[in-house]
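The values are calculated or read from the model by the stated rules, or taken from the named source; none is laboratory data. The model shown is predicted, which means the values in this text are computed figures rather than measured ones. Virtual Cβ from ideal backbone geometry, glycine too; neighbours counted across all protein chains shown. Surface accessibility is based on the protein's heavy atoms, side chains included, excluding ligands, DNA and RNA. Shrake-Rupley method; radii C 1.70, N 1.55, O 1.52, S 1.80 Å.
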Amino acid sequence: MRPTIRFLDDQLITRIIDEARDLLRTLGVTIHNQEVLSLLGDHGAEIDLSTEHTRLTDEIIDAALKTAPSSFQLFDVMGNQTHDFSGDNVYFTPGSAAVNVMDSATGDARRPTTADYIRYAKLVGGLKHIAAQSTAFIPADVAESLQDSYRLFLSLLFCEKPVITGAFTKNFDIIRDLQQIVRGSAEELKEKPLTMISVCPTAPFKWTEAASQNLLDCARNSVPVEYISMPLSGFMAPVTVVGSLIQHTAETLSGIVISQTVNPGTPVVYGGAPAIFDMRFETTPMGAVETMMIDCGYVEIGKFLNLPTQTYTAMSDAKLLDAQAGLETGMGAALGALAGANSISGPGILDFINTLSLEKLVVDNEICGMTFRLLEGIQPREDFPSQPLFEEFLRDKHLIIADHTRKHLRDEIAFPGPTIDRANRARWQERGAVTIGQIASSEVERLVLEAEPTRLDKGKQAQLVERMERAALSAGMDALPQRDA
Amino acid sequence: MDILKDIAASLMAGDDKKIVEEVNQAIEMKMPTTEILDDGLIAGMNVVGEKFRKDEMYIPEVLLSARAMAAAVEVLKPLLIAEDVPSRGKVVLGSIQGDLHDIGKNLVAIMLEGAGFEVVDLGIDVPAEKFIETALEEDASVVGVSSLLTTTMPKMKDVVDLVEERGLSGKIKVLVGGAPLTEEFAQSIGADGYAYDAANAVEKVRTLVGRA
């Protein structure tokens, strides 16, 4: 039996969805994109181009929910399937779009560079429990208008895992071209999606020009989208969990309607990054237990609607890799996974998604590993009848080399890597009495050093470079930063 | 020689059947006994030890390798005796008087046997005299004393004192261990060694018998 957790019963889910649909019918959504609005108008929505506002109908919502696929797959740079977003399958992805990276040498957060990003991409390649890359932080050494596509460019050159990414500009063409180069053609990219793009509505009930353009572009190119609605309970959303869920549902449904109206059948993920608002510090704690409850709640709603789900739980608001970092990330990872979120974002992230720490990513990889063990649950493995095993125990006085032990040891016990200290005190002291941060730091160095170069065809690599250099020239840069890290 | 590599590989894989065939084959090839032992078995066991230290192999696999080692040594035994190659050593083990815990001590016994040592296990609640008498009777050079309780720890000193009283210092070495113990405590009672876990006990016994 797969262990699961539920916060909402079907009756409450139905009420929340009904309420959200009612809001879309009555209060409607603002969409700063005339093309999208016209398209919705063509499909029966009531639109007002002058105020860039629309009220959705039950018919358009139902049609969208009908064509949105209940599952889809992601494929790595080499074209191998890595993700099956269906049922209760769970995959972890590093948190994304931090503005700072934690400097391993100084322990301070600072603006990241190309070299930092390459180290990150190489590291992710070696982390067993992290299935995808995210464009985790924003290299500050390229023109601002390129920062979204440049992250993707580096990811595709230095790691083979698929990429969860996003765009903050309307320049989707570079992002599309880079992916098509890797796959070989638009058709092949559609056949084997390489990335998933996060697109965020603005609370309450609004899609900006860039976000709605991203939805339009992704749908037209059949690039999967995860909707990241971000209600902030008590500030930019009702203070209650249920109220925040109603808002999240309405915003996410409106996104689904846009994508499915543009291109019925385009793969979408019911995601989000809600948070409570901590009025004491004017912050948006992602590690708050109520934040995690909203996350689990909307995952249940997404599942009720038969859609793949994503959540932003496995991370922390701590400023350092400390006890708070561990407890918040561990709790979030376990809750998100028990709720059955297909894609769980967050590992590596500190400080309200402002900072990514490579050391934390190594530690979080262990949290993900333990979470996967948790999800396997308790299952009988040759435990009935038990008498022969206990007879062996009584005869040999121990079971340490029993066939039963050897056969099931690694299925039953997930032994973590070196960052999780399970030595006794003397052995720990003999090994230098190191802290988790110190071990994680050596692991980062080891994994970056041992990273294998990508097997992506050299010709395609050259095409990626050529495309990015062309974009850099248009953005006013003489050359791209060195990539010899 | 390939056969020695095969022996080392079987040892690492813990295959006690294949290793016996290979050792017999090496004997038929008139390979020197010490070469089979040193370059086949012990070379393989050294890799096992290294992997165990790096957390690449776990206790069950180490013990399986040890079982394969024991099976191979059994085949070599008549030749080792004929050639007068000394045994790996004998250890007397027990939980100290007043202490009824034995899980840790049992794990030490399993690991020592696995490493090729002979073990005389006296069980729990063992008085100091019993350790020494048994060591003399069995011609054991190491006495391993275990304690789980802070209340029974002081009794361990009796064993060390008795060794000294009887003029056996250097001949019988006392190794202590148990959850509440520390290196400092072991030194304070004058023990010859302290082991912090069962795998460490094997290393310490090897050092004490001069076979490290």
Task: Hits in the range A:82-102 - residues which are over 28 Å from A:K192 (Cβ atoms) and either in contact with a helix residue (DSSP H, G or I) (Cβ under 8 Å, 6 or more places away or on another chain) or modelled with pLDDT under 95 (or both) - done: A:A98, A:V99, A:V101, A:M102
TODO: Only residues that are of a type outside the set (G, A, S) and within 14 Å of another protein chain (Cβ to nearest Cβ): list them for the range B:60-79, please.
DONE: B:P60, B:E61, B:V62, B:L63, B:L64, B:R67, B:M69
- [ ] Would you please list the contacts, defined by Cβ atoms under 8 Å and residues six or more apart or on different chains, that run from a residue in the range A:33-62 that is of a type in the set (G, A, S) to a residue that is open to solvent by 50 Å² or more (accessible area, probe 1.4 Å) and at pLDDT 95 or above?
- [x] A:S38/A:I47; A:S38/A:L49; A:G41/A:I47; A:G44/A:E59; A:A45/A:R55
TODO: Please give the number of the condition B:A115 fails out of (1) surrounded by fewer than 17 Cβ atoms within 10 Å (Cβ to Cβ); (2) closer than 25 Å to A:A402 by Cβ.
DONE: (1)
- [ ] Give just the number: which of (1) open to solvent by 30 Å² or more (accessible area, probe 1.4 Å); (2) within 14 Å of chain A (Cβ to nearest Cβ); (3) within 19 Å of the chain's Cα centre (by Cα) does B:V202 not satisfy?
- [x] (1)
TODO: Determine which member of the set A:K458, A:K407 is open to solvent by 100 Å² or more (accessible area, probe 1.4 Å), of a type outside the set (A, V, I, L, M) and within 14 Å of chain B (Cβ to nearest Cβ).
DONE: A:K407
Task: Within the range A:430-455, tally of residues that are under 30 Å from B:E183 (Cβ atoms) and open to solvent by 30 Å² or more (accessible area, probe 1.4 Å) - done: 12
Open item on the list: Within the range B:43-59, take every residue that is at pLDDT below 85, within 18 Å of the chain's Cα centre (by Cα) and within 14 Å of another protein chain (Cβ to nearest Cβ) and give me the one that is surrounded by the most Cβ atoms within 10 Å (Cβ to Cβ).
Closed with: B:I59
- [ ] Please tell me if B:D6 is more than 30 Å from A:T419 (Cα to Cα), assigned to a loop (DSSP other than H, G, I, E, B), more than 14 Å from every other protein chain (Cβ to nearest Cβ) and open to solvent by 50 Å² or more (accessible area, probe 1.4 Å).
- [x] no
Open item on the list: at pLDDT 90 or above, away from chain A (no Cβ under 14 Å), within 17 Å of B:V205 (Cα to Cα) and open to solvent by less than 80 Å² (accessible area, probe 1.4 Å): which single residue out of B:G40, B:G94 fits that description?
Closed with: B:G94
Task: Residues (at the interface with another protein chain (Cβ under 9 Å from one of its Cβ atoms) and exposed (fewer than 14 other Cβ atoms within 10 Å of the Cβ)) located in the range A:411-422 - done: A:F415
- [ ] Assess whether A:S86 counts as being among the hydroxyl-bearing types (S, T, Y), surrounded by fewer than 17 Cβ atoms within 10 Å (Cβ to Cβ) and in contact (Cβ under 8 Å) with a residue 40 or more places away in the chain.
- [x] yes
Open item on the list: I need the full set of residues from the range B:180-197 which are within 14 Å of chain A (Cβ to nearest Cβ) and surrounded by fewer than 20 Cβ atoms within 10 Å (Cβ to Cβ), in order please.
Closed with: B:P180, B:T182, B:E183, B:E184, B:F185, B:Q187, B:D197
